[in-house]
1. Select, from Phe177, Phe163, Phe190, Phe173, the only residue that is without any contact (Cβ under 8 Å) to a residue 40 or more places away in the chain, within 30 Å of Glu31 (Cβ to Cβ) and within 22 Å of the chain's Cα centre (by Cα).
2. Scan segment 239-288 residue by residue and report those that are of a type in the set (S, T, N, Q), modelled with pLDDT of 90 or more and either under 18 Å from Ser205 (Cβ atoms) or assigned to a helix (DSSP H, G or I) (or both).
3. Being at pLDDT 90 or above, among the aliphatic types (A, V, I, L, M) and not in a loop (DSSP other than H, G, I, E, B) is the filter; apply it to segment 15-55 and report the residue that is farthest from Phe283 (Cα to Cα).
4. Taking interchain pairs and intrachain pairs at least six residues apart, which have beta carbon atoms under 7 angstrom, with the first residue in segment 20-43 and under 19 Å from Phe163 (Cα atoms) and the second modelled with pLDDT under 90 and surrounded by 11 or more Cβ atoms within 10 Å (Cβ to Cβ)?
5. Which one is modelled with the lowest pLDDT among residues in segment 189-236 that are of a type in the set (Gly, Ala, Ser) and closer than 30 Å to Glu148 by Cα?
6. Closer than 30 Å to Glu53 by Cα, of a type in the set (Lys, Arg), crowded, with 21+ Cβ neighbours inside 10 Å and in contact with a strand residue (DSSP E or B) (Cβ under 8 Å, 6 or more places away or on another chain) - does that describe any residue in segment 212-225?
7. On the basis of being part of a loop (DSSP other than H, G, I, E, B), modelled with pLDDT under 90 and among the small types (Gly, Ala, Ser), does Gly12 make the cut?
8. Out of Ala123, Ala144, Ala115, I need the residue that is touching a Leu at 6+ places or on another chain (Cβ under 9 Å) and either in contact (Cβ under 8 Å) with a residue 24 or more places away in the chain or farther than 23 Å from Glu92 by Cα (or both). Which one?
Amino acid sequence: MKLIIYFFIFLGGISFIGNNGFGQDRDFVTENFSGTRVLSNHSVEMIPYRSLEVIIAHKFGDIAGASGGLENFYGFDDLADVRIAFEYGLLEQLDIGVGRNKGVGLISGVVDGYAKYRIVQQANEGSPLTAVFVSSLMLPYKKAIDDESSILSYPTFIHRLSFTNQLLLTRKFGERFTVQLNGGYNHRNFVDFVDVNGLFFAGLSGRLRVTKTFGFLAEYNYVINRPSQLDEVYQDPLSFGLEILTGGHSFILNFSNARALNENLFIPYTTSNWLDGQWRFGFSINRKFKL
């Protein structure tokens, strides 16, 4: 517990130096993205202090390929994943959140939680970047199966857990264009014998705001150390999307090869390939409430 307290004191010190400098007021850069996610992965956006954000997100089945087309009504007859989440601005620099996911593949019935801390914020006469640290945890809650060779056998409770830690670095250029780099580590406590527990990844995201209410989004994550024998099984998640802003709501429409909506699932377990038509439509609705 002391280590956690010291860690946040350390981050708070960095944030104070970066954001306040020599006591001068800073003209901070805001609205890098429209919400706390770019498409599925986290963005550097923070929820206002003592505000609650509700997120409802869906992804459907393959639009094309062997499982898509008219027989599956271009994916709309297949619900790939759904997530309902509640996120809260605990402090000006700290967000927390919880969610429930349908899950994908073998792993279904999932609850997740995260904490997000803003280390420094881009300012016109200060830091050239916004830096945010995100730590998230995932817990599948369904009953373990008896097959000891399966990743769903969960010998102990701790084997159920997966977590992802990542650093987000963002710069906004003018009023319309934002670029975000992210890098991190995903760890699964229980994996197949041919897999590895820890995966390092790096990503790139962007936002082009066309008007006050409309913009384009893109998001990509590259898994660095996946075992070579799994290269043909798993794919790197790549997504494109549109954002539509309507006052207190934001609507995100996305097209992605990833079926999952949580980083602890779509980073290690994306199996669909864009080139085989295995991409899908999805959307999310975000609504903020001041408490």
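1. Result of the check over Phe177, Phe163, Phe190, Phe173: Phe177.
2. The answer is Ser239, Asn254, Ser256, Asn257, Asn262, Asn264, Thr270, Ser284, Asn286.
3. Among residues in segment 15-55 that are at pLDDT 90 or above, among the aliphatic types (A, V, I, L, M) and not in a loop (DSSP other than H, G, I, E, B), the one farthest from Phe283 (Cα to Cα) is Leu52.
4. Filtered contacts from segment 20-43: Ser43/Gly35.
5. Checking each candidate, the answer is Ser228.
6. So in segment 212-225, the residues closer than 30 Å to Glu53 by Cα come out as 212-223.
If we keep only those that are of a type in the set (Lys, Arg) too, we end up with 212.
Right, trim to crowded, with 21+ Cβ neighbours inside 10 Å and you get none.
No, segment 212-225 contains no residue that is closer than 30 Å to Glu53 by Cα, of a type in the set (Lys, Arg), crowded, with 21+ Cβ neighbours inside 10 Å and in contact with a strand residue (DSSP E or B) (Cβ under 8 Å, 6 or more places away or on another chain).
7. no
8. Being touching a Leu at 6+ places or on another chain (Cβ under 9 Å) and either in contact (Cβ under 8 Å) with a residue 24 or more places away in the chain or farther than 23 Å from Glu92 by Cα (or both) holds for just one of Ala123, Ala144, Ala115, which is Ala144.
The values are calculated or read from the model by the stated rules, or taken from the named source; none is laboratory data. Note that the structure is predicted; figures quoted are calculated from it, not measured. All Cβ positions, glycine included, derive from the backbone under ideal geometry; neighbour counts span all protein chains shown.
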